[in-house]
Amino acid sequence: MLLLCVVLIAASGKGFGLPAKTSNTKVILNGGQKVTFARPDGYFAFHNVPAGTHLIEVSSLGYFFSPVRVDISARNPGHIQAALTENRRVLNELVLEPLKEEQYYEIREPFNVMSLLKSPMGLMVGFMVLMVFVMPKMMENIDPEEIKQAQEQMRNSPVPSFSGLLARANS
């Protein structure tokens, strides 16, 4: 049996890419059992298709097509019934149109100050700026005797220098 259909791709111009050509449209029967390409006028045909239920998938760059279930009657030769698998709508004529245009690129988010402040680097900078203003206020509230004790402890404890660490490592 000969199965003849048409693929329609309207030139909408909404997408980012080039308008699709119907000659670049691949039509697949039963997951690759038979493959054909649409002619420039949109028609395609499958020859020697046996009676039964078949699945037609359309692959076209930039467009998404719903797969179509085609039932070919064995009792009534030439009787074909087709339905979209997405919404099970019965097609009177086998004309396949894209459901939507594919979006291959992600749209960049516009600049937002809050996204800058919520980033890890923004949080670190915010913390450091806060400490620049908060630490002097905290130091004013500390007892002067405690400050002297802390300074003496720092003088008495040896602070390792980088050159001293290198000298120890070489010996």
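Bear in mind that the values in this text are calculations on the coordinates, not laboratory data. In this text the structure is predicted, and so the values were computed from the model without any measurement. For neighbour counting, all protein chains shown are included, and Cβ atoms are generated from backbone atoms with ideal geometry for every residue, glycine included.
How far, in nm, would the chain grow between E97 and M135 when pulled straight, counting 0.36 nm per residue and subtracting the alpha carbon separation?
Working: separation 38, 0.36 × 38 = 13.68 nm, distance 6.77 nm.
Here the answer is 6.9 nm.
Other residues with beta-carbon under 12 Å from the beta-carbon of F65 carry, at +1 per Lys or Arg and -1 per Asp or Glu, a net charge of -3. For region 43-156, what class follows from the C-alpha gyration tensor (a ≥ b ≥ c being the square roots of its eigenvalues): rounded when a/c is under 1.5, otherwise prolate if a/b is larger than b/c, else oblate? Since a/c reaches 1.5 and a/b is larger than b/c, the shape of region 43-156 is classed as prolate. Distance between the modelled labels on A167 and A83, one decimal in nanometres: 9.0 nm (7 Å Cα→Cβ projection).
Under the 0.36 nm per residue contour assumption, what length would be gained going from the current alpha-carbon distance of F37 and N112 to full extension?
Values: separation 75, 0.36 × 75 = 27.00 nm, distance 4.66 nm.
22.3 nm is the gain from fully extending F37 to N112.
Descending by average beta-carbon neighbour count within 10 Å, the peptides 69-79, 139-149, 34-44, 119-129 line up as 34-44, 69-79, 119-129, 139-149, the highest first.
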